[in-house]
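Working notes, beginning with the structure itself.
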């Protein structure tokens, strides 16, 4: 059973701090990694995707990938109350194209 | 563009009833997906389609059926509804396969089976 694991949280950080969200995956053959943000009662929206080992930065967001450790993370700098949401990690299922495996999500609460 | 649209937004079904959840996209995407999301859980893939006339099972297909007669539409059929099918259902589409493009999600359908 291919799995994607996240700490469910809630992760509480003060406004302006760095929020660090983590995700581990079981399928060593996975090639594509995605972070989605989901506000309560809304649909997921893509925040970041990463394919290569290392860091990828987009504004206040940085995705980090370590395939050897099967670990992907999302850093949110200068956290804002509007960042409060559930963050879903998703990983492609190697050998089964067109399928994403989602983690259960981490609830982030940014305190003003 | 309206993007991905889903109807209805909310529905209550009695055990044993059937219904069809509608999904449509106007972005000419080849790939379409149906997910369910139970409270506090991630998304589970029910069915997906790589083009008109082509569908395949995901992780949790039991109790559901799909069809894809056009590029735009991808309805999900629930036969003999059960309480275990109470969930939020999301439809998504993407231009190409997972590795190349993100998926665009619809607003979701909340289904309650009593």
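Just so it is clear, none of the values below were taken in a lab; they were calculated from the coordinates. Source: prediction; values computed, not measured. Here the Cβ is made from the backbone with ideal geometry for all residues, glycine too, and neighbour counts use every protein chain on show.
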Over the Cα atoms of the protein assembly as shown, what Rg and Dmax result, in angstrom?
-> 17.6, 51
Could you put A:72, B:50, B:88 in order, starting from the residue whose Cβ has the fewest other Cβ atoms within 10 Å?
-> B:50, B:88, A:72
Alpha-carbon Rg/Rh ratio, for the stretch B:65-114, with Rh computed the Kirkwood way = 1.04
So what's the gap between the Cα centers of the stretch A:13-38 and the stretch B:33-74, to the nearest angstrom?
-> 25
Evaluate 2.2 N^0.38 Å with N set to the residue count of the stretch B:1-60, then give the Cα radius of gyration divided by it.
-> 1.27
State, to one decimal in nm, how far the label point of residue A:66 lies from the label point of residue B:60, with both points 7 Å from Cα in the Cβ direction.
-> 3.2
Neighbour-count order for A:61, B:105, B:10, fewest beta carbons within 10 angstrom listed first | B:10, A:61, B:105
Using the per-residue mean of other Cβ atoms lying within 10 Å as a proxy for protection, in what order, highest first, do the peptides B:32-45, B:53-66, A:22-35 fall?
-> B:32-45, A:22-35, B:53-66
Calculate, for residue A:26 and residue B:12, the FRET efficiency according to 1/(1 + (r/R0)^6) with r their C-beta to C-beta distance and R0 25 Å; round to the nearest 0.05.
-> 0.10
Rounded to a whole number, what is D in µm²/s for chain A from Stokes-Einstein with the Kirkwood radius over alpha-carbon pairs (10 °C, 1.306 mPa s)?
-> 113
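Semi-axes, largest first, in whole Å: what does sqrt of 5 times each Cα gyration tensor eigenvalue give for chain B? The partial results should precede the final answer.
Working: eigenvalues 102, 37, 35 Å².
The answer is 23, 14, 13 Å, longest axis first.
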